[in-house]
Amino acid sequence: MGKIRIALIVSVVLNLFLAGALVAGVVSLRTGGRMINAGSLRIAGAELPRFERRPFRAALRRARQELRPTIVEARKAKAEAAVLLRQPTVDQAAVLTALDRARAADQAVRAAVERRAVAYAATLPPADRAKLADAMKRRSDRIPPAPE
């Protein structure tokens, strides 16, 4: 009787988990206002009308796909820095060099994505560009000023 009871409890818990996942998936699909990942321009793109939002996201996705080797390089440099930090004796210069390479690659990706976003935004009607600008402004206003 004990094994049957445990199997029943496991089954109920698993079914509740699956039901929750199903409900969350349906709610996610129905809301449609998904976030566009990180970055001021990408998040601001969520304010665009649906018919403009999809091409905007696609343009940013294409930019990231084109820069895939640079993204991989940034990840490799970060992994290298992590390996160097695990060494018994830390070579600070080597860690900093690896992190500098990662930062440079990250900045190159961000700059290219922003250039693509601005190029796409330039094709939008003025009202949609204003929505994009307002969303960027709201996002920048949320960042607290640096303490003096």
- Go through region 52-107 and give me each residue that's open to solvent by less than 40 Å² (accessible area, probe 1.4 Å), part of a helix (DSSP H, G or I) and under 26 Å from L124 (Cα atoms). E52, R53, F56, A58, A59, L60, A63
- Task: Give me a count of the residues in region 121-148 that are at pLDDT 80 or above and touching a Gly at 6+ places or on another chain (Cβ under 9 Å).
- Result: 2
- In region 1-34, how many residues are modelled with pLDDT under 75 and either over 30 Å from A46 (Cβ atoms) or open to solvent by 100 Å² or more (accessible area, probe 1.4 Å) (or both)? 3
- Could you give every pair whose Cβ atoms fall below 6 Å, whose first residue belongs to region 105-130 and is closer than 19 Å to E73 by Cα, and whose second residue is in a helix (DSSP H, G or I) and at pLDDT below 90, counting only separations of at least 6 or pairs across chains? A112/A63; V113/L60; V113/A63
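The values are calculated or read from the model by the stated rules, or taken from the named source; none is laboratory data. What you see is a predicted model, and the numbers here were worked out from it, not measured in a lab. Neighbour counts are summed over all protein chains in view; Cβ atoms, including those assigned to glycine, are modelled from backbone coordinates with ideal geometry. Heads up: the accessible areas ignore ligands, DNA and RNA and are worked out on the full protein's heavy atoms, side chains in. Shrake-Rupley method; radii C 1.70, N 1.55, O 1.52, S 1.80 Å.
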